[in-house]
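Here, each number is a calculation from the coordinates, and none is a lab measurement. All values derive from a computational prediction rather than experimental measurement. For neighbour counting, all protein chains shown are included, and Cβ atoms are generated from backbone atoms with ideal geometry for every residue, glycine included.
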Amino acid sequence: MRMNELPYIKQIPKDGRATVITQYFDSKQMQWYAFCAQPNNQYLVLKIINLVEGIYIAKEPVDKALDCLLPLTEAAIQYFSFPDIMRFIMDLESDLLNGLASIEKYFILLDFCNSHKEHTSIQLINTELEYSFANYRAFYDRIQKIVSEVYRIYHPNHPHFPDSFRKMVAISVEDLRDKYSLTKPLIEFYKNHEHIFMTLRNIRDNIFHHGHSLDCNFHFEDGFAISVSNIFAKKLDGLILWPEHLLKPNKLGSLLAVFEFLVRDMFKTMDQLGICLVKSFQKLPEPMITEFHVYLRSRLTRHIQQLDRYKDMHWMNPKEALGIAVSTHM
């Protein structure tokens, strides 16, 4: 099979964009396919039993409990699939999975702490939370690289953008419009993310540059907790992470709320950037695929489907969250 015969390909781009070859699910045949490059521009078509983890293209999700739609990756494959942009997109997806891994580790550490009746897990969850803020900052700098690369390719005569998201959001609306010729959707994208990003970025800088500690000191069987009146928690007041009715006695808030917020913001930001990039073109390049969507599958992506539940509950049995069967003893 030649590249232009792959079932999801509408056309082969001829403007420097790469043609993305990835896993494909045929919803009519209920069959997974992978494609391996061969000599003479041919592709070997392989039927595979299942996809454990990775990106795939299909008309609809195969497993709604595991597979999540990636509008940004889809927009990149459709219109902006230059090699550097796709590399930044892959890095962004890794950052998202890292955030989901932190939620997974939250429940693993909680289950361990419950089972072994010791408290080293409290120190471990503190270091995991510190890592999550570093991962969050790296995620946003990759966002900046994607926007910069799109503009470098399609508007080569425009001034170079700053190399970090922090520097970009610090620029006034007028300069974003007049100096950098940023489109209205992208100006709104940056300014809508300024407050949350700067709040969380300042916490990250205090941890890594000023030696501040997050000080999670409390363990309950249904969650790790932090006093919402301590210095770290007070810096998050504007994000309304801890509604009064979800606090434990003595105003103790769940750390799950912080992990959930970080991942939700990353996932939402990816979606919004994809929409804003597409809206920024009066005439888009010819799409590579049509009538298909791009999905991410991982054992960790089930947490994306549970984000609303985590936000509404805060406290839960870790075995239930991890899908571990709970044994009962007579």
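Electrostatic tally near residue 169: other residues with Cβ closer than 11 Å to its Cβ, Lys and Arg +1, Asp and Glu -1, net +3. Volume per residue of the convex hull around the Cα atoms, evaluated for region 100-179, comes out as 95 Å³. Peptide packing for 55-65, 112-122, 180-190 was compared via the average number of neighbouring C-beta atoms within 10 Å per residue; ordered from the highest value, the list is 180-190, 55-65, 112-122.
From the Cα gyration tensor of the chain, with a ≥ b ≥ c the square roots of its eigenvalues, which class applies: rounded if a/c is under 1.5, or else prolate if a/b is larger than b/c, or else oblate? Verdict is oblate for the chain.
Entry note, region 2-58: relative contact order of 32 percent, from Cα contacts under 8 Å with a spacing of 6+ residues. Taking all Cα-Cα distances within region 1-127, those exceeding 21 Å account for 56%. Along region 270-275 the Karplus relation, 6.51 cos²θ - 1.76 cosθ + 1.60 evaluated at θ = phi - 60°, assigns HN-Hα couplings of 4, 4, 5, 5, x, 5 Hz to successive residues, with x for each Gly and Pro. Of all the options 50, 202, 126, the one that moves most in a Gaussian network model of the chain with Cα springs shorter than 10 angstrom is 50. Our coupling estimate for region 149-156, obtained by passing each phi through the Karplus curve with A = 6.51, B = -1.76, C = 1.60 and θ = phi - 60°, is 6, 4, 5, 4, 6, 8, 9, x Hz, Gly and Pro reported as x.
Here the relative contact order of region 175-306, from alpha carbon pairs under 8 Å that lie six or more residues apart, stands at 23 percent.
Placing a pseudo-label 7 Å from each Cα along the Cα-to-Cβ vector at residue 306 and residue 62 gives an inter-label distance of 2.2 nm. A Gaussian network model of the chain, with springs between Cα atoms under 10 Å, assigns the largest mean-square fluctuation among 39, 318, 249 to 39.
Structure note, pairs 105/319; 10/64; 28/64; 234/319; 10/59: Cα-Cα distances above 19 angstrom occur for 10/64; 234/319.
Across region 165-180, coupling constants 3J(HN,Hα) worked out from phi with the 6.51/-1.76/1.60 Karplus curve, θ = phi - 60°, read 5, 4, 5, 5, 6, 6, 7, 5, 4, 5, 6, 4, 7, 8, 7, 9 Hz, and Gly and Pro carry x. Label-to-label distance, residue 37 versus residue 247, with points set 7 angstrom from Cα along the beta-carbon direction: 5.8 nm. Helix 184-210 and the long axis of the chain differ in direction by around 40°, with both axes built from C-alpha atoms. On the basis of the beta-carbon distance and an R0 of 25 Å, residue 315 and residue 202 show a calculated FRET efficiency of 0.35.
Between the amide H of residue 224 and those of 255, 256, distances stay under 5 Å, these residues lying 5 or more places away or on another chain, with hydrogens modeled in the peptide plane. Taken as Cα centroids, region 138-208 and region 270-293 sit 19 Å apart, rounded to the nearest whole angstrom. For the chain, the longest principal axis of the alpha carbon atoms and the long axis of helix 83-116 meet at an angle near 20°.
In this simple spin-label model, placing a label point 7 Å from the Cα along the Cα-to-Cβ direction at both residue 194 and residue 11 gives a separation of 3.9 nm.
Normalising the average separation of contacting C-alpha pairs (under 8 angstrom, six or more residues apart) by the number of residues puts the relative contact order of the chain at 29 percent.
The H on the amide N of residue 67, modeled in the peptide plane, is under 5 Å from the matching H of no residue at least 5 residues off or on a different chain.
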